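The values are calculated or read from the model by the stated rules, or taken from the named source; none is laboratory data. Computed from a prediction, not measured in an experiment: that's the story for all the values here. Neighbour counts run over all protein chains shown; Cβ positions are idealised from the backbone, glycine included. Accessible surface is based on the protein model in full, side chains and every heavy atom, while ligands, DNA and RNA are left aside. Shrake-Rupley method; radii C 1.70, N 1.55, O 1.52, S 1.80 Å.
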Amino acid sequence: MFRYFKGTTQFGLWYKQTEGVKHQGFTYVYWAGSPLDRKSTSRGMFSIGSVTVSWYSRKHRSIALSSVEVEYMASSQITCEALWMRKILVGLFG
């Protein structure tokens, strides 16, 4: 393990400091992706500025009958996550 760390010291993540930092969220839905129960999977990612601060991948609890329905379910899920994260950030830096 230490040999690996020593050999990869030139690698890293670079973050740029910018004015007007934005809180952004992205989502992706795989409709009826599970071959066993036909449930969809949602994936999402949140960033603040150029830094990824949160990501998730969740299987839906219910089966969506259309692509519109699964997109609505995913949008609802990421909106709840965004509101929760905003409350946390306001509490920390408010």
Looking at Gly25, is it touching a strand residue (DSSP E or B) at 6+ places or on another chain (Cβ under 8 Å), in a loop (DSSP other than H, G, I, E, B) and surrounded by 11 or more Cβ atoms within 10 Å (Cβ to Cβ)?
-> no
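Each row is one residue, and each column tells you yes or no for (1) surrounded by 12 or more Cβ atoms within 10 Å (Cβ to Cβ); (2) assigned to a helix (DSSP H, G or I).
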residue: Phe11; (1), (2): no, no
residue: Gly20; (1), (2): no, no
residue: Ala32; (1), (2): yes, no
residue: Cys80; (1), (2): no, yes
residue: Met85; (1), (2): yes, yes
Which residue pairs have Cβ atoms under 7 Å apart, sit 6 or more places apart or on different chains, and have a first residue in region 33-50 that is in contact (Cβ under 8 Å) with a residue 24 or more places away in the chain and a second that is assigned to a strand (DSSP E or B) and open to solvent by less than 30 Å² (accessible area, probe 1.4 Å)?
-> Ser40/Val29; Ser42/Val29; Gly44/Tyr56; Phe46/Ser54
What is the number of the single condition among (1) without any contact (Cβ under 8 Å) to a residue 40 or more places away in the chain; (2) out of contact with any Ser or Thr (no Cβ under 9 Å at 6 or more places or on another chain) that Ala82 does not meet?
-> (1)
Out of (1) modelled with pLDDT of 90 or more; (2) in a loop (DSSP other than H, G, I, E, B), the odd one out for Glu71 is which?
-> (2)
